[in-house]
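In what follows, a single structure is set out as structure tokens and then discussed.
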Amino acid sequence: MKIFFSSVVFLAAVIGFSFFAMNLVLGGATGAIPKEGGQFTVEPGWSTGEIARALRNEGFIRSDYYFRAITRLMRMDGNLQAGSYHIPANLSSMRILKLLVSGKTQLIRVTVPEGLTSRKAALLFEEAGITSSEEFLAATKNKELLSEFGIIAPSAEGFLFPDTYMMAKSYPAEKVVRTMIRSFFREMDQIYPEYKQMPWSEFYNRLILSSIVEKEYRVDEEAPKIASVFYNRLDRDIALESCASVVYVLTEILGREHPKRLFYKDLEVDHPYNAYRNKGLPPGPIANAGPVALKATFEPAQTDYLFFVVQDAQKGTHLFSNNLADHEAGRKRYVETYFPK
């Protein structure tokens, strides 16, 4: 009797293990993805457990437990490669594992230049076939997404780090925006890690100012000086008088073409983002700043400058001054040189 009972237990164990092993190898999609398969992205730094849960949540596998187990059995833990993959429908867990270990991703390269607005960045991703500009802009205003990063602002404008991104075709807009925001904070950790101790209002104000500096500087070495000019004007309750803020109003808000030259009538446009008519900072960033402008704003030069004007349009250099007379003289030379009558 004991022998018979032991045999039954052994047989049940064998059957159970066989069923377990079969699921490990064959356990594939739940039917939640389309017949042609779907895109799956492994974010940089994800653990095997995070990858397995994402695969299960997106319908590629039935059990994240099985996927983690087979990864350990195959000694592939830690070998799964970040990137975006096309996973055919009903692919077994074993084959999905081999695909993610292979690193054979399907990616499109998109370079987002420094100083672009969210709208212009959205057009780049749309042209590349990654996501529509409409969905991208909607994602930048997604409150739940913004709250993931502690962003207390109407949109992700200013937090979309300019960089070269490798992404899959038809990639979800929210994932695109999330990746760009994550890149922004990763860069801030390198540039000025002390930002984490700042009150939100101070941090956001510096971000707004960095977007203005981004649009005003052309020579890297001058960026900290330009930042110092704006800080000095803010301290003295003087309007920033940033031409970039006016261009933002004209192009991004009023939908006009980028002007070759600003006229006095342009400086009078009535809008909160016009830093000529209004003292203090605009309500939000006017662009997405790169590392040079960010560093310049968080670590500005210490000067007494209150003005700057273009000195050499070809080189992009400026004349800095601390009094109106010198500034007006410099402005007059600029106009006479580059806009002769």
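The values are calculated or read from the model by the stated rules, or taken from the named source; none is laboratory data. Because the structure is predicted, anything quoted here is derived from the model rather than measured. Glycine gets a Cβ as well: all are built from the backbone with ideal geometry, and neighbour counts include every protein chain shown. Ligands, DNA and RNA are stripped out before the accessible areas are found, and what is left, the full protein with its side chains, is counted by its heavy atoms. Shrake-Rupley method; radii C 1.70, N 1.55, O 1.52, S 1.80 Å.
Sort out for me the strands (runs of 3 or more DSSP E) sitting completely within segment 38-141 that have 2 or more residues that are open to solvent by 20 Å² or more (accessible area, probe 1.4 Å).
108-111
Residue check: is Phe298 at pLDDT 90 or above, of a type in the set (Phe, Trp, Tyr) and open to solvent by less than 30 Å² (accessible area, probe 1.4 Å)?
Taking the combined requirement at face value, the residue satisfies it.
Working only within segment 192-216, note down all residues that are of a type in the set (A, V, I, L, M, F, W, C), touching a residue at least 40 places away in the same chain (Cβ under 8 Å) and surrounded by fewer than 17 Cβ atoms within 10 Å (Cβ to Cβ).
Trp200
Search segment 79-106 for residues that are in contact (Cβ under 8 Å) with a residue 24 or more places away in the chain and pair each with any residue that is of a type in the set (D, E, K, R) and open to solvent by 30 Å² or more (accessible area, probe 1.4 Å) when their beta-carbon atoms are under 6 Å apart and the residues are at least 6 apart or on different chains.
Ala89/Lys35
Are any residues in segment 217-256 touching a His at 6+ places or on another chain (Cβ under 9 Å), under 15 Å from His318 (Cβ atoms) and open to solvent by 30 Å² or more (accessible area, probe 1.4 Å), and if so, which ones?
Of everything in segment 217-256, those that are touching a His at 6+ places or on another chain (Cβ under 9 Å), under 15 Å from His318 (Cβ atoms) and open to solvent by 30 Å² or more (accessible area, probe 1.4 Å) turn out to be Arg218, Val219, Lys225.
Which number in (1) modelled with pLDDT under 90; (2) within 30 Å of Asp163 (Cβ to Cβ) marks the one condition that Arg119 misses?
All conditions are met except number (1).
With respect to Arg186, determine if the residue is closer than 24 Å to Val112 by Cα, assigned to a helix (DSSP H, G or I) and free of Cβ contacts under 8 Å to residues at least 40 places away in the same chain.
It is true that Arg186 is closer than 24 Å to Val112 by Cα, assigned to a helix (DSSP H, G or I) and free of Cβ contacts under 8 Å to residues at least 40 places away in the same chain.
Might you check whether a residue that is hydroxyl-bearing (Ser, Thr, Tyr) and in contact (Cβ under 8 Å) with a residue 40 or more places away in the chain occurs anywhere in segment 263-278?
Within segment 263-278 (the criterion being hydroxyl-bearing (Ser, Thr, Tyr) and in contact (Cβ under 8 Å) with a residue 40 or more places away in the chain), the answer is no, since none of the residues qualifies.
Go through segment 63-109 and report how many residues are of a type in the set (Phe, Trp, Tyr) and out of contact with any helix residue (DSSP H, G or I) (no Cβ under 7 Å at 6 or more places or on another chain).
Summing the residues that are of a type in the set (Phe, Trp, Tyr) and out of contact with any helix residue (DSSP H, G or I) (no Cβ under 7 Å at 6 or more places or on another chain) in segment 63-109 gives 1.
Can you name the residue in segment 250-291 that is of a type in the set (A, V, I, L, M) and touching an Asp or Glu at 6+ places or on another chain (Cβ under 9 Å) and, of all such residues, is farthest from Phe308 (Cα to Cα)?
Leu250
Kindly indicate the residue of segment 258-288 that is open to solvent by less than 100 Å² (accessible area, probe 1.4 Å) and of a type in the set (A, V, I, L, M, F, W, C) and also nearest to Arg206 (Cα to Cα) among those meeting that condition.
Leu281
All but one of (1) part of a helix (DSSP H, G or I); (2) open to solvent by less than 30 Å² (accessible area, probe 1.4 Å) hold for Leu160, so report the exception by its number.
It is condition (1) that Leu160 fails.
When Leu145 is evaluated against the numbered criteria (1) open to solvent by 30 Å² or more (accessible area, probe 1.4 Å); (2) in contact with a helix residue (DSSP H, G or I) (Cβ under 9 Å, 6 or more places away or on another chain), which criterion, by number, is the only one it fails?
Here Leu145 meets the rest and fails (1).
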